[in-house]
Each structure stands twice: as C-alpha cells, then as structure tokens.
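Please read the structure below before turning to the comments.
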Amino acid sequence: MSYNDNEMMATGMRVPIWDGSGNFNAWTDKVMTALQDKGCAIAVVRDLRRVTADEPLKRIFSAADYKTDGQAASVIKNALSDIHDGQFTDMTAFEIWAELKKLYGTQSADDLVNKIIDLFNFRMAPDDMDGR
C-alpha cells in the first residue's frame, strides 16, 4: 500500500492511496479521520452549496464554506491514485465523496441480511410450479 507524503505533511496522518483495490470502507474511515483532523469533514457529510430561487443552477458558497470544501476536496484527491486523475475536476468534495461511494462502496451488512431473508422467503406463484 502506498501513501501520499504531501498529505501526511498537511494533515499529520498517513492516508493510503486508493487505487480501486483493497478495502474501500477502511480507506474511507482513514480519509474521514483526516478530514475531521483538518476540520473539513462537514463538506462530505453535507452539501455546502446554496441554491437560490433566481439562480437554481449556480453554485453559491460562503467564503468559509468555499474554503472548507476546497480543503476537503484536496484531502480526498491527494488520497486517490493516478488512475483518477482528471476524473473529479469541477466537483465539490460532497460530489466526489458520493461518486466514490457509488463506484466502490458496498452494501451494509443489514442490507445484505435483508436481501438474503427476502430470497429465502420468496415463493413461486402456483401456476409457476410446473416450470414454465
């Protein structure tokens, strides 16, 4: 596993580089810890953009939110391998985090247990019993 030494200097933590292999949930825990230490974890938990009625498609940040989002996006991007270069440009930290979870995240154990229970409880309709 490789590490980004620049990020270690910035956050004081060694965050492993994500290359698409390994345990994604463990990686997200380490990145979230780095984001919390830097004080910008809120940027991945809540979308900091403000949308107004007159400009619904424009991103509006307060100066503090813009700085927090930039710090969070920097931490996340520094913890990604070169295979992700250019993939997350012009995205907020919230959007990057959501996209990574969509690409690499797994279902929770509760979701899997519920799906297994549904599978075992599945019953065929009476007219499907003859194999048609």
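Things to note:
- Residues of segment 73-116 that are exposed (fewer than 12 other Cβ atoms within 10 Å of the Cβ), at pLDDT 80 or above and outside any helix (DSSP H, G or I): GLY86, THR89, ASP90.
- Enumeration of residues in segment 12-29 that are without any contact (Cβ under 8 Å) to a residue 24 or more places away in the chain and touching a strand residue (DSSP E or B) at 6+ places or on another chain (Cβ under 9 Å): ARG14, GLY22, ALA26
- Whichever residue in segment 11-27 is outside any loop (DSSP other than H, G, I, E, B) and modelled with pLDDT of 80 or more and, among such residues, is most open to solvent (accessible area, probe 1.4 Å): ASN25
The values are calculated or read from the model by the stated rules, or taken from the named source; none is laboratory data. Just so we're clear, the structure is a prediction, and the values are computed from it rather than from any experiment. All Cβ positions, glycine included, derive from the backbone under ideal geometry; neighbour counts span all protein chains shown. SASA here: full protein model, heavy atoms, side chains in, ligands and nucleic acids out. Shrake-Rupley method; radii C 1.70, N 1.55, O 1.52, S 1.80 Å.
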